[in-house]
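Novice: Okay, here's the structure, questions in a sec.
The values are calculated or read from the model by the stated rules, or taken from the named source; none is laboratory data. Keep in mind that what you see is a predicted model, and the values were worked out from it rather than measured. Every residue, glycine among them, receives a Cβ derived from its backbone with ideal geometry; neighbour counts consider all protein chains shown. Quick note on the areas: whole protein, heavy atoms, side chains included, nothing else; ligands and nucleic acids left out. Shrake-Rupley method; radii C 1.70, N 1.55, O 1.52, S 1.80 Å.
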Amino acid sequence: MSSKLLNMYENMTGTFSRHYYTPALALGELFTLIITYVAGMGIAVYKLPLLGYPITAHIYAAAFDVILAISLYGSTTRSGNFTLRILAVLDIISVLAAAFEGLFYFGGFSTPCYAIGMGTGFVFTIAFTSAIFFYSLRR
């Protein structure tokens with residue numbers, strides 16, 4: 001039983017440590033993007049005020065998204081794979097675009113164009129991070 005569990009652990013660490021831990025960082029970013037989505041939609045759907053747990057979770061998860069996107073770029077740069085590096089740059093641009101639009105939207109300019117910009121950046125971030133995750137697992 002323990003050798004089977006050990007083999008499973010070794011396979012998992014071998015998979016997630018490829019390309020200088022790029023798959024593990026991408027999976028972490030996808031997880032924090034889910035938290036960002038749940039907190040942001042909780043604010044929008046239930047018309048919650050911009051104080052308390054939902055906005056705090058949204059802001060901190062968005063900050064972790066930026067940190068993980070930059071870390072993801074670092075790991076793809078160290079791996080030397082050009083395609084992963086381009087995807088990571090696009091991921092950083094989309095995360096920063098979503099954060100920039102979110103600053104305006106939650107900062108008082110509650111117009112739909114900022115919400116659409118924030119959502120578009122979020123969708124592109126999901127797409128690029130998923131592409132990085134699956135590409136780094138394949139190669």
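Novice: Tell me the residue from Thr13, Thr22 that is polar (S, T, N, Q) and touching a helix residue (DSSP H, G or I) at 6+ places or on another chain (Cβ under 8 Å), please.
Specialist: Thr22
Novice: Would you pick out the residues in segment 93-130 that are of a type in the set (A, V, I, L, M, F, W, C), out of contact with any Ser or Thr (no Cβ under 9 Å at 6 or more places or on another chain) and surrounded by fewer than 17 Cβ atoms within 10 Å (Cβ to Cβ)?
Specialist: Listed by number, the residues that qualify are Ile93, Leu96, Phe100, Leu103, Phe109, Cys113, Ile116.
Novice: What residue, among those in segment 1-27 that are surrounded by 12 or more Cβ atoms within 10 Å (Cβ to Cβ) and of a type in the set (A, V, I, L, M), is farthest from the chain's Cα centre (by Cα)?
Specialist: The selected residue is Ala24.
Novice: Search segment 64-92 for residues being aliphatic (A, V, I, L, M), closer than 17 Å to Ser130 by Cβ and open to solvent by 40 Å² or more (accessible area, probe 1.4 Å), and hand back the single one that is farthest from the chain's Cα centre (by Cα).
Specialist: Among those residues, the one meeting the criterion is Ile86.
Novice: Another question, if that's okay. Do we find that Ala62 is within 25 Å of His19 (Cα to Cα), modelled with pLDDT under 95 and not polar (S, T, N, Q) in this structure? Break it down into steps so the answer makes sense when it comes.
Specialist: Working: within 25 Å of His19 (Cα to Cα): yes; modelled with pLDDT under 95: yes; not polar (S, T, N, Q): yes.
Yes.
Novice: Taking the condition out of contact with any Phe, Trp or Tyr (no Cβ under 8 Å at 6 or more places or on another chain) and open to solvent by less than 90 Å² (accessible area, probe 1.4 Å), does Ala61 pass?
Specialist: yes
Novice: Got a sec? Which of Ala127, Ala99 is of a type in the set (A, V, I, L, M, F, W, C) and within 15 Å of Leu27 (Cα to Cα)?
Specialist: Of Ala127, Ala99, the one residue that is of a type in the set (A, V, I, L, M, F, W, C) and within 15 Å of Leu27 (Cα to Cα) is Ala127.
Novice: Six or more apart or on different chains, Cβ under 6 Å: which pairs go from a residue in segment 35-58 that's more than 16 Å from Val123 (Cα to Cα) and modelled with pLDDT under 85 to one that's open to solvent by less than 90 Å² (accessible area, probe 1.4 Å) and part of a helix (DSSP H, G or I)? Could you list them?
Specialist: Going by the 6 Å Cβ cut-off, the qualifying pairs are Ile43/Pro54; Leu48/Pro54.
Novice: Among the residues of segment 28-58 satisfying the criterion of being open to solvent by less than 30 Å² (accessible area, probe 1.4 Å) and hydroxyl-bearing (Ser, Thr, Tyr), which is nearest to Gly107 (Cα to Cα)?
Specialist: Across segment 28-58, the extreme among qualifying residues is Thr36.
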